[in-house]
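The values are calculated or read from the model by the stated rules, or taken from the named source; none is laboratory data. Every value quoted in this text rests on a predicted model; they were computed, and no experiment measured them. With ideal geometry, Cβ positions are generated from the backbone for all residues, glycine too; neighbour counts draw on all protein chains shown. We work out accessible area using only protein heavy atoms, side chains counted, and drop any ligands, DNA or RNA first. Shrake-Rupley method; radii C 1.70, N 1.55, O 1.52, S 1.80 Å.
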Amino acid sequence: MRDIKIIIVVIAIVLCSCVNNTKKDAKNRLVVFAGAGLTDALTEICDSFFITNGVEVKLNLASSGTLARQIEQGGEPDLYISASKRWADYIDSLGYVVDQQKTMVAGNKLSLIQPINSKTSVDIDSAIIWSDILADDYFSIGDPSHVPAGKYAVAALKHYGWYTTIKPKMLPAKDVRSALMVVELGEVPYGIVYKTDALKSSKVKIVADFADGSHPAIQNIASVISDKSNAQLLYKYLQSPLAKSIWMKYGFSVPE
């Protein structure tokens with residue numbers, strides 16, 4: 001009987017130790033919801049943050065709109081990094097942002113892309129009529145209903161007066177990375193994606209960049225959602241000189 005009691009006590013001690021370690025691990029782990037277009041740069045920044053501060057960062061990557069809805073429905077990230085000021089402001093309006101800690105960490109451009117082996121030449125600023133170019137073909141963008149890159153693309157197409165004509169040929173993708181993949185696979189002859197995504201792919205080429213004035217400024221905005229001290233630490237780290245060098249390495253612009 002005494003041996004059984006000793007075993008029970010030992011098991012209880014082990015279980016308590018496991019619970020305490022789990023709580024400790026959770027305290028030293030951050031969850032970041034971020035736009036899919038930030039995948040590569042943000043992964044490197046978070047790896048660097050772990051080496052420097054010993055805090056692990058788990059990334060949940062999807063379209064900014066999808067992530068905003070997840071937060072609204074009970075998702076609990078420590079930081080939310082949106083590729084859209086609209087979605088960042090929306091989360092802020094719901095009271096999720098802690099102490100007004102919200103700022104742009106990186107900017108981007110919008111590019112028209114083709115498969116790398118395409119022979120067609122297109123000049124965005126010329127008088128070429130897109131209805132002729134896309135008469136029999138489709139093009140891919142992120143779904144404008146919830147993907148910021150798609151919204152920027154629609155704005156640019158409207159700016160040039162092409163949207164109404166070529167809208168029937170538009171293939172919405174679940175996020176900007178998916179739009180890129182469709183072009184990489186050669187399933188469509190054109191796509192409109194973030195320049196940073198196009199630059200990292202060896203399977204597509206950039207035909208031209210859309211003028212900044214043709215669409216709203218592309219801003220990736222970081223917001224602190226939890227009151228963890230490490231959340232504030234990562235928020236500042238995203239704006240550090242080292243992080244800025246990583247953002248620029250992947251083709252993003254950074255605030256001065």
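Annotations
- Scanning the range 44-60 for residues that are surrounded by 15 or more Cβ atoms within 10 Å (Cβ to Cβ) and either small (Gly, Ala, Ser) or under 19 Å from Gly107 (Cβ atoms) (or both) yields Glu44, Ile45, Ser48.
- Inter-residue pairs, beta-carbon under 7 Å, first touching a residue at least 40 places away in the same chain (Cβ under 8 Å) and in the range 215-231, second among the β-branched types (Val, Ile, Thr) and assigned to a loop (DSSP other than H, G, I, E, B), 6+ apart: Ser223/Val97; Val224/Val97; Ile225/Val97; Asn230/Val55
- Residue count for the range 146-191 satisfying the condition of being more than 23 Å from the chain's Cα centre (by Cα), closer than 21 Å to Asn108 by Cβ and touching a residue at least 12 places away in the same chain (Cβ under 8 Å): 2.
- Output for the range 79-100, where each listed residue is crowded, with 16+ Cβ neighbours inside 10 Å and of a type in the set (S, T, N, Q): Ser82, Ser84
- Positions within the range 233-245 being open to solvent by 10 Å² or more (accessible area, probe 1.4 Å) and either in a helix (DSSP H, G or I) or in contact (Cβ under 8 Å) with a residue 24 or more places away in the chain (or both), in sequence order: Leu233, Tyr235, Lys236, Tyr237, Gln239, Pro241, Leu242, Lys244, Ser245
- Within this structure, Ile206 passes the test of being open to solvent by 10 Å² or more (accessible area, probe 1.4 Å), in a strand (DSSP E or B) and in contact (Cβ under 8 Å) with a residue 40 or more places away in the chain.
- Some residue of the range 137-154 being of a type in the set (D, E, K, R) and over 22 Å from Gly213 (Cα atoms): yes
- Residues satisfying the stated conditions in the range 82-116, i.e. in a loop (DSSP other than H, G, I, E, B) and in contact (Cβ under 8 Å) with a residue 12 or more places away in the chain: Ala83, Ser84, Leu94, Tyr96, Val97, Gln101, Lys109, Ile116
- Check on Ser82, at pLDDT below 95, within 28 Å of Leu157 (Cα to Cα) and either hydroxyl-bearing (Ser, Thr, Tyr) or in contact with an Asp or Glu (Cβ under 8 Å, 6 or more places away or on another chain) (or both): no
- All conditions but one from (1) assigned to a helix (DSSP H, G or I); (2) open to solvent by 70 Å² or more (accessible area, probe 1.4 Å) apply to Glu76; the one that does not is (1).
- Screening Val193, Val182, Val224, Val188 for residues that are in contact with a strand residue (DSSP E or B) (Cβ under 8 Å, 6 or more places away or on another chain), farther than 21 Å from Asn53 by Cβ, open to solvent by less than 20 Å² (accessible area, probe 1.4 Å) and modelled with pLDDT of 95 or more leaves exactly one candidate, Val193.
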